[in-house]
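This report concerns only the one structure given below.
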Amino acid sequence: MKRVIELEQELYTTLSKELEMARIEEINDTPTITIVDPPFASSKPSGPTVPVVAVLFFVIGVSTAAGWLVATASGRGREAERATAAFG
């Protein structure tokens with residue numbers, strides 16, 4: 001009877017050590033990066049399309065040019081008034 005108990009204790013100890021070694025081995029073999037889903041290309045673009053960007057920059061350019069023309073035209077009118085006042 002004592003021999004059977006010692007045999008079972010030894011078996012339990014051995015299996016416990018093997019389980020612990022298997023867990024350590026599993027941690028060591030686990031990769032750092034795990035791929036969950038494979039990548040895929042989207043069929044629909046994520047950003048604005050080329051025509052939308054072109055129209056946006058066109059509007060910005062026209063607005064900038066118009067603002068610049070208004071700013072320089074008002075300054076030229078004042079200079080002309082000063083010049084005629086100086087000669088007149």
**Asked** Looking at this structure, is THR84 at pLDDT below 95, in a helix (DSSP H, G or I) and hydroxyl-bearing (Ser, Thr, Tyr)?
**Response** yes
**Complete:** Picking from PRO48, PRO38, PRO31, the residue that is surrounded by 10 or more Cβ atoms within 10 Å (Cβ to Cβ), part of a loop (DSSP other than H, G, I, E, B) and either of a type outside the set (S, T, N, Q) or over 39 Å from the mean Cα position of the chain (by Cα) (or both) would be PRO48
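The values are calculated or read from the model by the stated rules, or taken from the named source; none is laboratory data. Source: prediction; values computed, not measured. Methodologically, a virtual Cβ is constructed for each residue, glycine included, from the backbone with ideal geometry; neighbour enumeration extends over all protein chains shown.
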